[in-house]
Structure formats: C-alpha cells, structure tokens
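Data block below; observations after.
The values are calculated or read from the model by the stated rules, or taken from the named source; none is laboratory data. Since we're looking at a predicted model, the values are computed, not measured. In this analysis, Cβ positions are derived from the backbone assuming ideal geometry, glycine residues included, and neighbour counts consider all displayed protein chains.
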Ligand code: ATP
Ligand code: MN
C-alpha cells in the first residue's frame, strides 16, 4: 500500500463560530509547520434570486458588505491570536455564495487542497448532535484528508470505560 502524505495546501472553512475560530488557529499552526498555504473560506447563503437590475444591485452590494466584514473579522482573528503579519503571507481569504458543504468541496477540488480543517460544530452547534451537517457532508465526500476540531466544552457521549466524560 502506498501512503501519500502531503500538506502543501490547507483549507479552513469558517462561519466565525467559536469552534470554527479554533479550527482557524489550528489551520494556521499546521500551515506554519508544513510551510503550506492556508485558504480561509467563508460561504454566504445567497439572499434571493436576482431577476431585476435592482435585485442584482442589491446582491452586489450585499456581497461587498459581506466581503468587507469577512476580511475585517479575519484581521481581528490575527490580532486576537497574536499572529504576526508574516503569517499572513501564505493566507488567502475567499468568499463564495451557495451551500457551505458544496462550496467547500468544490473549492478543495479546484484548488487541490491536501487537508481541510473544520469545526465539528458551527453556529447552530447543537451539542448533543455528534457532528454538524456541513462537516458531516464534507467528511463523507472530500477527496482529501479532513481534520475536525471539537468545541471547548465537548462532552463524550457514550460511556467509555476509563475515559472521563468531561475534559479536565
Ligand atoms: P448545522 O448542521 O445545523 O448547521 P452547526 O452549525 O453546528 O450545525 P456546521 O454548519 O456543520 O454545524 O459547522 C461545522 C463547521 O463547518 C464550522 O465549524 C465551519 O468550519 C464550517 N462551516 C459551517 N458553515 C460554514 C459557512 N457558511 N462557511 C464556511 N464554513 C462553514
Ligand atoms: Mn451551521
């Protein structure tokens, strides 16, 4: 069996939930360790169908607004994490519209991503659910490795003898 292990391109999809922010920091640390590029991808749900010129203008304005917001929030994450500007050289920020899981997979395929780092949960974050729906779909369908990052207050669901339910 031939095992290929290459981490030159890391993708971190982010919805700005706490868990996805954790994933962002892990992705950056991995990126630094492997000297890889890190793509930060935010997927916005498209607002409405745009038929009229007015709708199209609204959509364009909305996209611009979201883009500005995403860039600002990523900059904030760099500051909060005490990350130097040098770390930013290999980081790209991308915004796409559509279904998150589909756009994540499409992006990974198009950009030949080696590793996707994402939260096990996101904004909805129903803790009793084992895994968020976007992550579930990505893990099932991705051509590359996927690393999931747990929320801080993660609890082990089942009783595994010798394993405490809560992390110390
Ligand atoms: P739900 O299935 O109800 O949405 P959830 O919000 O807890 O539950 P997911 O949406 O699967 O779970 O979120 C898990 C991870 O997927 C997030 O931590 C983030 O990495 C990624 N993700 C989710 N939504 C987006 C998005 N709109 N853009 C980019 N990444 C996203
Ligand atoms: Mn979600």
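Okay, here's what the table says:
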item	result
Residue count, the stretch 15-39 (criterion: within 16 Å of ligand 1 (Cβ to nearest atom), closer than 13 Å to residue 87 by Cα and not in a helix (DSSP H, G or I))	2
Count of residues meeting criterion [modelled with pLDDT under 90 and loosely packed, with under 15 Cβ neighbours inside 10 Å] in the stretch 81-94	6
